[in-house]
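Novice: Mind having a look at this structure? Questions to follow.
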């Protein structure tokens with residue numbers, strides 16, 4: 001059994017079984033998938049992660065009078081990382097010994113890939129060329145927004161010319 005503590009100080013215990021894995025599959029998440037695809041998805045989508053975790057701790061939450069919304073509110077910041085780590089450990093522990101080691105290796109490779117991706121992203125943000133691209137993109141977006149606002153203002157304040165709005169007198173109207 002693996003534990004994590006949410007941002008509200010509540011402790012949750014994760015222990016997987018076939019029934020819980022089937023329940024989570026209803027969310028289109030397969031915890032029995034031995035590839036890192038599922039865990040990259042959960043790492044990138046905290047909303048899905050919280051939904052999965054809720055399925056796994058729902059009985060505990062009900063006993064403690066915690067609603068799904070309250071549970072979700074407690075999973076912010078570092079609590080998300082702690083819950084993710086507990087989920088990975090619980091999932092690893094679910095498998096029989098021969099697959100457990102393989103799964104641990106998959107998880108370690110996935111973690112290393114995420115660290116590398118974070119490092120590359122940080123390096124890219126520190127690159128002056130990237131900063132120039134971001135500045136140009138922000139300026140272009142700002143210019144486009146200004147043009148849109150000016151167009152709206154012009155269309156809101158443009159009145160037809162007085163010659164267009166006044167009908168010509170008909171020849172017999174004098």
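A short reminder: the numbers here are calculations on the coordinates, not readings from a lab. For clarity, every value in this text was computed on a predicted model and none was experimentally measured.
Novice: For the range 5-44, rounded, prolate or oblate, judged on the Cα gyration tensor with a ≥ b ≥ c (square roots of eigenvalues), a/c < 1.5 rounded, else prolate if a/b > b/c?
Specialist: Judged from the Cα gyration tensor, the range 5-44 comes out oblate (a/c at least 1.5, b/c at or above a/b).
Novice: Kirkwood hydrodynamic radius of the range 2-94 from all distinct Cα pairs, in Å?
Specialist: After inverting the mean inverse Cα-Cα distance, the result is 13.1 Å.
Novice: With an 8 Å Cα cut-off and a minimum separation of 6 or more residues, compute the relative contact order for the chain in percent.
Specialist: Contact order relative to length: 24 percent.
Novice: Here's another thing I want to ask about it. Identify which of the listed values of volume of the Cα convex hull per residue in Å³ was calculated from the structure shown: (1) 175; (2) 252; (3) 104.
Specialist: Comparing each candidate, only (2) matches the computed number.
Novice: Right, something else. Using the alpha-carbon atoms, what tilt in degrees (0 to 90, nearest 10) does helix 97-126 show relative to the longest principal axis of the chain?
Specialist: The helix 97-126 is inclined about 30 degrees to the chain.
Novice: Using Cα atoms only, what is the angle between the long axis of helix 78-94 and the major principal axis of the chain, expressed in degrees (0 to 90) to the nearest 10?
Specialist: 40 degrees
Novice: On a 0 to 90° scale, report how tilted helix 46-63 is relative to the longest principal axis of the chain, with both axes built from alpha carbons and the result rounded to the nearest 10.
Specialist: That works out to roughly 50 degrees.
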